[in-house]
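Bear in mind that the values in this text are calculations on the coordinates, not laboratory data. What you are looking at is a predicted structure, and each value in this text was computed from that prediction instead of being measured. So basically every Cβ, Gly included, is an ideal-geometry build from the backbone, and we count neighbours across all protein chains shown.
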Amino acid sequence: MAPLPAHVITVSDRSFAGQREDRGGPLATGLLRDAGWHCPDAEVVADGADSVAEALRRALARGIRLIVTTGGTGIGPRDETPEGTRRVITRELPGIAEELRRTGLADTPLSVVSRGVAGIVDPYGALVVNLPGSPRAVASGLPVVLGVAGHVLDQVEGGDHT
């Protein structure tokens, strides 16, 4: 079976403007590639619900099956990744976001303020997951995503509950 297509979207005004190096996006891309996903280099977009929703729709139009965002899940004035994601997903998977917050507690008590969401996009059969932007959050969160992504994508295509 050919590797499924994945895509990483880094959401950061500073990285988009070239003021800060994107470290979370390349880390997520590398972890996805190491796990056997076909994943181009991370895309960097500005903060805000509109830019997130537009980037997600572009990825879906290219047939991407797993989209991981990094950044914009906090409580800052421009942190609107969950709002942009909710404009695109059709069915939310709250257990994934809850597990990401729970496992993040091992690194920082601040993981409980992450507002990231996860869900599927019908009829594309794609999974979208929001991760915080820090490399530590990406490193601890990607194993959670990888642990369920294959099953989720199989299920949205009508796979058996095995």
Legend entry - Rg [Å, one decimal], Dmax [Å, integer] - the chain, C-alpha atoms: 14.3, 47
Legend entry - Cβ-placed point charges (K, R +1; D, E -1), dipole of the chain about Cα centre in debye, nearest 20: 160
Legend entry - Simple label model, 7 Å out from Cα along Cβ direction - residue 103 to residue 91, nm: 2.2
Inset, instruction - Please turn the phi angles of the stretch 6-11 into ³J(HN,Hα) values with the Karplus equation 6.51 cos²θ - 1.76 cosθ + 1.60 (θ = phi - 60°), one per residue in order, whole Hz, x for glycine and proline. - result: 10, 8, 10, 10, 8, 10
Legend entry - Order of 157, 92 under a 10 Å beta carbon neighbour criterion, fewest first: 157, 92
Legend entry - Distance in nm between pseudo-label sites at residue 2 and residue 61 (7 Å out along the Cβ direction from Cα): 2.1
Inset, instruction - Specify which residue in the list 105, 93, 7 is farthest towards the positive end of the charge dipole of the chain, using unit charges on the beta carbon of Lys, Arg (+1) and Asp, Glu (-1), about the Cα centre. - result: 105
